[in-house]
Amino acid sequence: MGNIQIRDVPPATHERLKALAAERSQSLNQLLLSEVSRLAPAVSVEDWLAVVRRHAPPVNDDPGLAARIIREARDEREARMADWGGGE
């Protein structure tokens, strides 16, 4: 594992970080390690976006397709509801 050293931390900042660590029942090292880990995710946003773009569905060139699919689903639902209530 690597080590990181931060020099010239203002005394007020150092004291606030120590107090925050104590509030969380952590050592200063634990607090700072968790924050540094949060800042450096395993996968960058750029890498994640590249994966998403590679697996994205193809673009639909038919602007009316979604509306037709929704209309068909609604029509089917209405027909089922009419059949259900039609026996009265």
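Pairs under 6 Å by beta carbon, first residue at pLDDT 95 or above in segment 19-33, partner open to solvent by 60 Å² or more (accessible area, probe 1.4 Å) and not small (Gly, Ala, Ser), six or more apart or different chains?
Going by the 6 Å Cβ cut-off, the qualifying pairs are LEU28/LYS18.
Collect the residues in segment 30-88 that are hydroxyl-bearing (Ser, Thr, Tyr) and in a helix (DSSP H, G or I), keeping them in residue-number order.
Passing the criteria: SER34, SER37.
Looking for something in a helix (DSSP H, G or I), of a type outside the set (A, V, I, L, M, F, W, C) and more than 25 Å from the chain's Cα centre (by Cα) - is there at least one such residue anywhere in segment 21-29?
yes
Residue check: is VAL59 open to solvent by less than 80 Å² (accessible area, probe 1.4 Å) and either of a type in the set (Gly, Ala, Ser) or more than 30 Å from GLN5 (Cα to Cα) (or both)?
Taking the combined requirement at face value, the residue does not satisfy it.
Any idea how many residues of segment 1-17 are outside any helix (DSSP H, G or I) and either open to solvent by 70 Å² or more (accessible area, probe 1.4 Å) or over 19 Å from LEU33 (Cβ atoms) (or both)?
Going through segment 1-17 one residue at a time, the tally reaches 9.
Give the residues of segment 18-55 that are among the hydrophobic types (A, V, I, L, M, F, W, C) and open to solvent by 90 Å² or more (accessible area, probe 1.4 Å), sorted by residue number.
Within segment 18-55, LEU33, LEU39, ALA42, VAL45, TRP48 meet the criteria.
The values are calculated or read from the model by the stated rules, or taken from the named source; none is laboratory data. Source: prediction; values computed, not measured. Methodologically, a virtual Cβ is constructed for each residue, glycine included, from the backbone with ideal geometry; neighbour enumeration extends over all protein chains shown. Heavy atoms of the whole protein, side chains included, go into the accessibility calculation; ligands, DNA and RNA do not. Shrake-Rupley method; radii C 1.70, N 1.55, O 1.52, S 1.80 Å.
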